[in-house]
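What follows is one structure encoded as structure tokens, with my remarks underneath.
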Amino acid sequence: MSRNALLAAVAVIALAGPAAAQNRVTIQWQTPNLTESQYEPIWKQTIAEFEAANPDVKVEPILVARRDHWTKFVASAQARQAPCVVAVDLTTAAAEGYLRPMDDLWAKEPASFRDAWAPEMLSAAKWEGKLYGLPNWGGTYAEVYNRELVEKAGLDPKNPPKTWDEYLRWAKALTGPDRWATSILGGKTDTTTRVLLTWIWGNGGEAFNADMTEATFAKNPKSLEAIKFYLGLFTKEGVASPAPTTTNYLEQTVLFAQGKIATMRNAYWSIAKVIGDNPAIEGKMFVAPMPANIPNAPTLASVSAHSISQSCRYPEQAWRFIKFDMDKKWAIQRAVKANWMPLRRDLVNEPELKADPMLAEFVRIGANARSYPLPHPAWADIAVNDIVDAVQKALLEPARTDEIFRDLDVRVTRKLRQ
Amino acid sequence: MSNTTTTTNIPARAWTGRGLARERWHGYLFLAPTLLFLAAVIVLPLFHAFWTSFQRIRGLNSTFVGFANYVRVLEDEAFWHSLRVSLGFVSISVVAHVVLGLLLALALNKITFARTALRVLFLTPWMVAAAVGATIWLWLLEPQFGVINYILQSAGLISAPVAWLGTPGTAFAAVTTVEIWRGVPFIMLLTLAGLQTIPAEQYEAAEIDGATTWQKFRFITLPNLKYLLVVASTLDIINVVRHYDIIGIMTGGGPAGATEVLPALLYNTAFRANRFGEAAAIGVLLLLMVLIFAAMYLRITRVGQEDDRR
């Protein structure tokens, strides 16, 4: 080989390496769950297998604590640097223009893929008629009990409370020295709002009118009655753990795992969290529909959808990753290991899922569920700020509950109409 | 060297010559990298914040609305509530920083036993990142599992766990205590350095005159530290006014707004309520308040004039 030919070959090799690297694009992925230990092995495997199958794409997970998730997303979205694939408050993010409509990508998919989602499930991921996300997992809320504590209190686990009166009777029996029946959530996250809504719906009340233009927390007597009963478990009955204004999902599940509370209102994913905190509790829990004062009371189904951010420069690659993550294999792993319920209707009869009695019960309870978050652009603000502030104030000054929630109705109605 | 000597007697008009212009130009060139850096990290964001405060931001779109954001902020009771909370938080924290910092510095200046170890120990809260310190306190104060409740219950001082961060009074007291815990070492360090610059002869002369400990403190120590304490407390006020980290981590401004200082209101308005224009207006108002306060404070204490007389 001549000297010139050798130089040319070296130049080609030197240029080819970076060129290949340049062809590989990086897409970032941010969901509030990537930091949760029960999910970590699954997402790591998902990324590894996706990158092996798609050598032109590198997926970079963005690890953010749940409480900072929205802040981080908004800050990066404002800077036009939002991660490509995100799971956020869909309506608010879509209304703010942070998300890219996915209808074009969706339309190109075969009918077999699109049929996996029920139309009502897809409607939860739409804003003003456009599809902004693909629902990939969720969780229906139910009442989870510690069987040992229930039996120790002389109660029958096979006959859990169906009404609020029965629930209160149980709660009093389950409360003892340094142990309480339950926790009231009043911490500064929207989990406070989720649980409050279940109590309102369980009494036949409504927090909003049908077209979400008016708040009816105090205006609807059934709603106000529910709020007072629920918060009264702490302020009046003394059957709820101390410090409700700082109690969030984290504190609630830790208390439950340690046997400090006997029952918690939560979604299926809390089971994995509790077992992670205290493996000895596995097999000692049972789940039941939430006690209610009306027949066939709906529960709340939280829907998490994967979206593509408006600032994503590689939507085609992002869509490829979303589709990969939606695959049956990962959905089953998420359900079995992280306790996240699959939202694809073609997964309902999977043997692994049917074999789990607790999941089956959650699915049964979730047959009558209302989807969350509620469809309004101001929802993220209302759910985390206004409603939580009102709950905190009412916990601190129970005598002013009526007035506090009347004020809430006024403030939230103003926001809903802006 | 010779240039310096020569130029001192040259009339002012001679400074307009070509040589001087070139020298000035060189000066600007040397300053340019720093000025550009400062422009990039301070001036531009500041102007952007001003600009944002005149916009109604809706996601990635914005509309010019003039002073509407300022009007909305000033009409909102939440702003005035936060201002009151901020004033309480800052005044209690800064007074405690100065008093405790001074006392600790006086003590550490006197003692000889384990001097270095004690100085390092007292500096620790300041060396730890604020976020880390706040997280540690968050768990210490946790109602169910926190060590503080455990100790108090074990000692029989409380019968049931106290939700320190769950009620307005105790939450405010808790975040203020943590702020004091974190800020005292800064003042202590400065004061300790100041104490070591006071000539020993002054104390010796006072002792010969029969001055008491209090008189030595009142007429020697305090006057010598006056300038330092004024500057340190002004810096401390500016520092505490803009603090968000401790409150953000420990309470997020709650419960029910009891600890929502202005930076917490700003954060919540921007990132929770998605009202960036109003948040920017709060930021600008906060900046103006700090500037006015710092100017007034330095003027009242006449630090500049005293310095000039020296």
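The values are calculated or read from the model by the stated rules, or taken from the named source; none is laboratory data. The structure presented is a predicted model; accordingly, all values stated were derived computationally and were not measured. Neighbour counts run over all protein chains shown; Cβ positions are idealised from the backbone, glycine included. With ligands, DNA and RNA removed, areas are computed over all heavy atoms of the protein, side chains included. Shrake-Rupley method; radii C 1.70, N 1.55, O 1.52, S 1.80 Å.
For the residues B:A280, B:A206, the requirement of being assigned to a helix (DSSP H, G or I), over 30 Å from B:F47 (Cα atoms) and open to solvent by less than 60 Å² (accessible area, probe 1.4 Å) singles out B:A206.
When A:V74, A:V64 are checked against the criterion of being open to solvent by less than 20 Å² (accessible area, probe 1.4 Å), away from every other protein chain (no Cβ under 12 Å) and of a type in the set (V, I, T), a single residue qualifies: A:V64.
Here's the yes/no breakdown for (1) touching a Lys or Arg at 6+ places or on another chain (Cβ under 8 Å); (2) under 18 Å from A:A318 (Cβ atoms):
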{"site": "A:T46", "(1), (2)": "no, yes"}
{"site": "A:E49", "(1), (2)": "no, yes"}
{"site": "A:P55", "(1), (2)": "yes, yes"}
{"site": "A:V88", "(1), (2)": "no, yes"}
{"site": "A:T92", "(1), (2)": "no, no"}
{"site": "A:Y98", "(1), (2)": "no, yes"}
{"site": "A:S112", "(1), (2)": "no, no"}
{"site": "A:S123", "(1), (2)": "no, no"}
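With respect to B:F37, determine if the residue is open to solvent by 90 Å² or more (accessible area, probe 1.4 Å) and not β-branched (V, I, T). Yes, satisfied.
Scanning the stretch A:260-298 for residues that are within 14 Å of another protein chain (Cβ to nearest Cβ) and farther than 18 Å from A:P160 by Cβ yields A:K260, A:D277, A:N278. Taken over the stretch A:88-136, the residue count meeting the criterion of being open to solvent by 40 Å² or more (accessible area, probe 1.4 Å), more than 14 Å from chain B (Cβ to nearest Cβ) and charged (D, E, K, R) is 8.
Each row is one residue, and each column tells you yes or no for (1) of a type in the set (A, V, I, L, M); (2) modelled with pLDDT under 90.
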{"residue": "B:P185", "(1), (2)": "no, no"}
{"residue": "B:G194", "(1), (2)": "no, no"}
{"residue": "B:E201", "(1), (2)": "no, no"}
{"residue": "B:F217", "(1), (2)": "no, no"}
{"residue": "B:L222", "(1), (2)": "yes, no"}
{"residue": "B:R242", "(1), (2)": "no, yes"}
{"residue": "B:G257", "(1), (2)": "no, yes"}
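In the set (1) surrounded by fewer than 16 Cβ atoms within 10 Å (Cβ to Cβ); (2) in contact (Cβ under 8 Å) with a residue 12 or more places away in the chain; (3) closer than 27 Å to B:G252 by Cα; (4) over 24 Å from the mean Cα position of the chain (by Cα), the condition left unmet by B:L152 is number (2). Restricted to the stretch A:1-93, the set of helices (runs of 4 or more DSSP H) holding at least 2 residues that are over 17 Å from the mean Cα position of the chain (by Cα) and modelled with pLDDT of 90 or more comprises A:40-53, A:69-78.
A single member of B:A78, B:A107, B:A134, B:A117 is surrounded by 18 or more Cβ atoms within 10 Å (Cβ to Cβ), in a helix (DSSP H, G or I) and either out of contact with any Asp or Glu (no Cβ under 7 Å at 6 or more places or on another chain) or not charged (D, E, K, R) (or both), and it is B:A134. Entry remark, the stretch A:183-196: residues being open to solvent by less than 10 Å² (accessible area, probe 1.4 Å) and not in a loop (DSSP other than H, G, I, E, B) number 4 in total. Looking across the stretch A:339-352, the residues that are closer than 19 Å to A:N33 by Cβ and not aromatic (F, W, Y) come down to A:N339, A:M341, A:P342, A:L343, A:R344, A:L347. Per the listing A:L233, A:L224, A:L168, A:L155, the residue uniquely part of a loop (DSSP other than H, G, I, E, B), more than 14 Å from chain B (Cβ to nearest Cβ) and among the hydrophobic types (A, V, I, L, M, F, W, C) is A:L155. For the stretch A:306-329, the set of residues classified as part of a helix (DSSP H, G or I), open to solvent by 40 Å² or more (accessible area, probe 1.4 Å) and of a type in the set (F, W, Y) consists of A:F324 only. The single condition from (1) open to solvent by 40 Å² or more (accessible area, probe 1.4 Å); (2) touching a residue at least 24 places away in the same chain (Cβ under 8 Å); (3) away from chain A (no Cβ under 13 Å) that B:V147 fails is (2). The set of residues in the stretch B:155-189 that are assigned to a helix (DSSP H, G or I), buried (at least 21 other Cβ atoms within 10 Å of the Cβ) and among the aliphatic types (A, V, I, L, M) comprises B:A171, B:A174, B:V175, B:V178, B:V184, B:I187, B:M188. Only one entry of B:L189, B:L140, B:L165 meets the criterion of being within 11 Å of chain A (Cβ to nearest Cβ), of a type outside the set (D, E) and under 20 Å from B:S93 (Cβ atoms), and that entry is B:L165.
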